[in-house]
Every structure is written in C-alpha cells, then in structure tokens.
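Just below is one structure, and these are the notes that go with it.
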Amino acid sequence: MKVPKVIIYIGKILQFFSVKLTIFYLARLFTKPIKHKFPKRELEMDKKSIQNKLYIPSINKEIVVYHYGKNDKKILLVHGWSGRGTQLVKFADAFVNKGFSTISFDAPAHGKSSGNSTIMTEFIASILEIDKKFGPFEAAVGHSLGGMVLLNSIKKGLEINRLTIIGSGDKVKDILVAFVDKLELKSEFSSHLQQHFENKYKEPMENYSAFLAAKEIKIPVLVIHDENDYEVPIEASIHIYDHLKNGELLITQHLGHRKILGNSFVIEKTIEFITT
C-alpha cells in the first residue's frame, strides 16, 4: 500500500529536528490501523452472523465477535492488520458449506471494535479470550498478521488440530525495517522504534517472531504465500515453513497479498488440508 506523501513529508521534517519526536510519530503510525470501507462482498456475512461484544480483561478492551453458521464444529478466522472479521468471507462460506461454523472478530481498533490503536499482543489476548468463550476450535486460518498471531497464540496455549496461515509476516525486526523504509526515513529508526516498544512493554519484540513460535508447534500447518506479494515477502513464509515440525508449503502466483483471500484454489486447498 502506498503511503500518503504528507505522512512521509511530516516524518522527514521531524527526522531533521528531533529523533525523539520522530520515534513517537513512528510509534503512533505503527499502532494505528486504517479502517477501510466495508466491501459489498462481506455484507451477507455481516447480516447473517451473530455478533457479540466481548470484553478482554487482560487488555481492558472490548471487541466484536462474529459467529457465522449453525454447526457445532468451529473454525477460527483471524484477519490481518487493518482488516476486519468478515474479510475472510470466502473461507467462511466454504467452511459453512462443509458443515462447520466460523468464529471471527474485529481486533481492537479494527472494524466495529472500539479504539484507535493496538498492537500484536492485543490480537493474541483477544484470541485466547475468544477460545475461552467460544472454543474449542477444530482449526484456524490467519491472514498476514493473523498468521503470526495464531502461531504465537498456539505457543501461548491455544489448542487446535490444524492451522493455515496465508501471507504471514515472520521476523518482527524485518517488519519494522520495512515500515521505516516505506516512510523513507533513515534505517536506524527501525532500531529506535524497536527499543521504544521494548522499553514500553518490558519484553523483547523479537519474542513474537513467527519462526520462533513455529519451532514449538507440533500440529500440521499449511503455509500459503504468493510469490507476487509485494507487502510481505515470500521469504517470510519460507522461513516459517523451514522451522515447522509438520508443515506444508503452497506457493501461488499473481494473487498478491489480498486477492489470494478470494482465490478458489487456495480456499479448496485450505478446506482439504483442514478436513482431511
């Protein structure tokens, strides 16, 4: 996604005058998702799903949860950064047709959930609370950050039988480097930003890198990534796959980072992997 020129321009001005102000500016941008317009293809899922507000005690925030379908066997769907709970609607429809129901959610500061800012650990906290209230789940599907989040959630106690991750990021450090690079700022600001968050939350950010969680996961995991994904490099998924004990890798072409979510072949492979 292209960064508006005004955002880049402000960052460059701050960089010239103050390292500290630039770091605060970056931290604000990094934790503030964009709420995109609701597309027509998701209207039916939004209309037919049962929606509940769920309070997450560990982060003192409330999220919106979507229950789609009427079957007892449930699949957890997790969107990525600036996504929403209905974004994986094509997967949801396919699972419902196969005799499952799906649970998805708007992460903090996303979709219909309240707030303006959030971080990865709040996604994880939301999933663990959802598991308490709506689980257990047969399997899960996560897109982009949602893949990283699910790997870390399993590491922290989420119990499922199978997992599919699509276009997942991997190393936190690489994500910060790419973020700073998009804003056309000096490369050292990625290290400054990482240190800022580690000072604030009192733990190393690298602890949440996907490949580290992958090392500890024993369940079968299907890793899907498009070689023409220009938002998350395919090397991220290959590196995750290399650290899995029981992984499968599917590389697609010409689907990019988001179009892949509506591709019938990808959906069929995911259904086959999870139900076989």
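The values are calculated or read from the model by the stated rules, or taken from the named source; none is laboratory data. Please read these numbers as outputs of a predicted model, since none were measured by experiment. Don't worry about glycine lacking a Cβ; one is built from the backbone with ideal geometry, like all the others, and counts go over all protein chains shown. Heads up: the accessible areas ignore ligands, DNA and RNA and are worked out on the full protein's heavy atoms, side chains in. Shrake-Rupley method; radii C 1.70, N 1.55, O 1.52, S 1.80 Å.
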Quiz item: In percent, what relative contact order does the stretch 90-143 have, based on Cα pairs under 8 Å that are 6 or more apart in sequence?
Solution: 19
Quiz item: Mean separation of Cα pairs under 8 Å and 6+ residues apart, divided by the residue count of the stretch 126-246: what relative contact order is that in percent?
Solution: 28
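What order, most packed first, do the peptides 10-19, 118-127, 231-240 have when packing is the mean number of other Cβ atoms within 10 Å of each residue?
Order by mean packing, descending: 118-127, 231-240, 10-19.
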Quiz item: Round to a whole number: what % of the accessible area of the stretch 58-107 belongs to carbon and sulfur, probe 1.4 Å?
Solution: 42
Quiz item: Among LEU145, SER101, PHE134, whose Cα sits farthest toward the positive end of the charge dipole of the stretch 53-166 (+1 at Cβ of Lys/Arg, -1 at Cβ of Asp/Glu, about the Cα centre)?
Solution: SER101
Quiz item: Once the convex hull of the C-alpha atoms of the stretch 103-253 is built, how many Å³ does it hold per residue, rounded to a whole number?
Solution: 122
Quiz item: Does anyone have the angle between helix 5-17 and the longest principal axis of the chain? Alpha-carbon axes, 0 to 90°, nearest 10?
Solution: 40
Quiz item: To the nearest whole percent, what portion of all C-alpha pairs in the stretch 164-217 is separated by more than 16 angstrom?
Solution: 48
Quiz item: Looking at the square roots a ≥ b ≥ c of the eigenvalues of the Cα gyration tensor of the stretch 43-171, which shape do they give, rounded for a/c under 1.5, prolate if a/b is larger than b/c, or oblate?
Solution: rounded
Quiz item: Percent relative contact order of the chain, based on C-alpha pairs within less than 8 angstrom and at least six residues apart?
Solution: 16
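Compute, for the chain, the length of the dipole vector about the Cα centre, with Cβ point charges of +1 (Lys, Arg) and -1 (Asp, Glu) only. Units Debye, rounded to 20.
900
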Quiz item: Given a 1.4 Å probe, how much area per residue of the chain is accessible, in Å²?
Solution: 50
Quiz prompt | Amide H contacts of GLY256 (H built 1.01 Å from N, under 5 Å, at least 5 apart or other chain) | solution = ASN228, ASP229
Quiz item: If one takes the longest principal axis of the Cα atoms in the chain, at what angle in degrees, from 0 to 90 and to the nearest 10, does the Cα axis of helix 120-134 lie?
Solution: 20
Quiz item: Of GLN51, PRO33, GLY11, which is farthest on the positive side of the dipole of the stretch 1-97, counting Cα position, with +1 on Lys and Arg Cβ, -1 on Asp and Glu Cβ, and the Cα centre as origin?
Solution: GLY11
Quiz item: Can you run phi through the Karplus equation (6.51, -1.76, 1.60; θ = phi - 60°) for the stretch 66-76 and list ³J(HN,Hα) in whole Hz, with x for Gly and Pro?
Solution: 10, 10, 10, x, 10, 8, 6, 6, 10, 10, 8
Practice problem: Quick one: P(r) of the stretch 201-276 from all Cα-Cα pairs, 5 Å bins, percents rounded to integers, in order of increasing distance. | Solution: 3, 15, 22, 20, 20, 12, 4, 2, 0
Exercise. Take the chain, compute every pairwise Cα distance, and split them into 5 Å bins from 0; I just need the percent in each bin.
Key: 1, 6, 13, 17, 19, 18, 13, 8, 4, 2, 0, 0
Quiz prompt | Computed label-point distance, nm, for sites LYS215 and VAL6 using a 7 Å Cα→Cβ extension | solution = 4.5
Quiz item: Among LYS182/LYS215; LYS48/LYS133; LYS2/LYS37; LYS37/LYS73, which pairs are too far apart, with a Cα-Cα distance over 22 Å?
Solution: LYS182/LYS215; LYS37/LYS73
Quiz item: How big is the convex hull of the Cα atoms of the stretch 1-106, per residue, in Å³?
Solution: 123
Exercise. Note down the nm distance, to one decimal, between modelled labels 7 Å out along Cα→Cβ at SER187 and at LYS20.
Key: 2.8
Quiz prompt | Highest average packing first - 144-153, 192-201, Cβ atoms within 10 Å | solution = 144-153, 192-201
